Ligand SMILES: [Zn+2]
C-alpha cells in the first residue's frame with residue numbers, strides 16, 4: 001500500500017549550483033559570509049555561460065523529480081551570460097517535466113550596466129509570458145536607485161520580487177530598506193536576521209543556513225513561511241525533516257505539523273502542483289511519520305496528468321545523459337573559474 005501527495009515545491013533554489021559540487025577549493029578559506037560569496041559563488045556565477053546553465057538546470061530539474069518535487073522557484077545569476085538565461089532555464093525544466101518560476105538576480109555588484117542588464121532580462125522574460133518574479137540579490141548589493149527600479153518593474157508587471165533578505169548580519173539593515181517597499185507577493189529568502197515582519201513569504205533554507213553558519217532566524221516567528229534549499233538539491237522531505245529538528249532544538253514544543261505547513265505554503269505559491277500526483281515508497285505520508293522516516297522516495301510522479309517519472313527514472317529524458325553532460329559542463333566551469 002503506497003500513499004500519494006501533490007507535488008512538492010522548492011521555494012528558493014539556485015539551479016546553477018547543481019554544477020558546483022566537487023568544485024576546486026577557493027583561493028583561500030572564507031572566514032565569513034561575505035567571503036563565501038566573494039570567494040565561491042561570485043567566482044562561479046561569473047564563469048557561467050548558457051550551455052552550463054542549460055545542463056545545470058536539466059540536472060537540477062531531474063534531481064527535483066527524483067525527490068517528488070514538481071515545482072522550483074529559481075533565483076538565477078550569470079553576470080557574463082544574462083540575456084536569454086531565464087529562457088534556457090525555463091526550457092530545460094520544461095523538457096524534464098518540472099514546473100519552474102524564474103527570476104534574474106539584479107545587483108549593483110557588477111556595475112550599473114550589470115544591474116540594467118539584469119533588470120532587462122527579468123522584464124524580457126516576464127513580458128513574454130514567462131512565469132516568475134523580478135529577482136534581486138540582496139539589499140547590501142543594491143543601491144536605493146536600483147532597488148526602486150526592481151520594485152517599479154515588479155509593480156508594473158504585477159509580479160512579486162524574489163530577494164535574499166537579512167541572510168547574514170551584514171544584511172540586517174534590509175528590514176529598514178524594505179519596510180516601505182515589500183509587498184504580499186514578495187519572496188523573502190532566509191530572513192535569518194530580519195528585525196521585523198515584512199509583507200511577503202519568508203523562505204527558510206535550513207541546510208544552507210547551517211552550512212554558511214549565518215545563525216538560526218526562528219522562522220516560526222513569521223506569519224507565512226515556505227521551505228527552499230538555496231541550491232543544495234530539491235529534496236523537500238529532507239529539508240522538512242531538518243527544519244523540524246532545528247526548530248525542536250530551539251523549542252521542544254515544535255511539532256512536525258508546523259514544518260509540514262511550510263511545505264504547504266510552497267504549494268500555495270505554485271498551486272499547479274495540487275494537480276500533480278506523487279506516489280511514494282512510504283505510507284502514510286503523514287508529518288508525524290515523515291519527520292522520523294528517512295529515505296522516502298517517489299515511485300511515480302505525474303505532472304498535469306503526464307507520468308514524467310516512474311520506477312525506471314524520468315520518462316522524457318535520459319538521466320544518464322544528463323548526469324554525464326552536466327559533469328562535462330562542470331569541468332568546463334571549473335577551468336573557466338581558474339582563468340577568471
Ligand atoms: Zn539563495
Starting from the Cα-Cα distance between residue 255 and residue 210, subtract it from 0.36 nm times their residue separation and give me the gain in nm to one decimal.
-> 14.1 nm
Please figure out what share of the DSSP beta bridges in the chain is antiparallel and state it in percent, rounded to the nearest 5.
-> 30
Just order 118-129, 7-18 by mean Cβ neighbour count inside 10 Å, highest at the front, would you?
-> 7-18, 118-129
With bins of 20 Å, the percent of all Cα-Cα pairs of the chain per bin from 0 is 33, 61, 6
How big is the gap, in Å, between the Cα center of region 165-224 and the Cα center of region 247-279?
-> 18
Note on region 1-78: contact order normalised by length, alpha-carbon pairs under 8 Å, 6 or more apart, percent, works out to 59
Jot down the per residue volume, in cubic angstrom and as a whole number, of the convex hull over the alpha-carbon atoms of region 39-91.
-> 79
Which residue, 87, 275, 156, has the most motion in a Gaussian network model of the chain that connects Cα atoms within less than 10 Å?
-> 156
So what's the back-of-envelope 222 nm ellipticity for the chain, counting only DSSP H runs of four-plus at -39500 (n - 2.57) apiece and dividing by all residues, rounded to 500?
-> -12000 deg cm²/dmol
In terms of the Cα gyration tensor, with a ≥ b ≥ c the square roots of its eigenvalues, is region 243-284 rounded because a/c is under 1.5, prolate because a/b exceeds b/c, or oblate?
-> oblate
Checking 290, 210, 188 against a Gaussian network model of the chain (alpha-carbon springs below 10 Å), the top fluctuating residue turns out to be 210
Run the numbers on the chain and let me know its relative contact order in percent, using alpha-carbon pairs under 8 Å that are six or more apart.
-> 23
Specify the residue with the greatest mean-square fluctuation among 316, 58, 241, computed from a Gaussian network of the chain linking alpha-carbon atoms under 10 Å apart.
-> 316
What is the spread of the Cα atoms of region 187-330 along each of their three principal axes, largest first, in whole Å?
-> 46, 38, 28
What fraction of the Cα pairs in region 87-147, stated in percent, has a spacing above 13 angstrom?
-> 61
If one puts a single equal scatterer on every Cα of region 110-176 and applies the Debye formula without solvent, what log₁₀ I(q)/I(0) results at q = 0.11, 0.13, 0.17 Å⁻¹?
-> -0.25, -0.35, -0.59
Dimensions of region 58-124 along principal axes (Cα, Å, largest first)?
-> 40, 18, 16
What ranking do 61-72, 88-99 get when scored by the average of other Cβ atoms within 10 Å per residue, highest first?
-> 61-72, 88-99
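Readers should treat all values here as calculations from the given coordinates under stated rules, not as data from a laboratory. Since the structure is predicted, the reported quantities are computational estimates derived from the model, not experimental observations. Because the Cβ atoms are built from the backbone with ideal geometry, glycine has one as well, and the counts that use them run over all protein chains shown.
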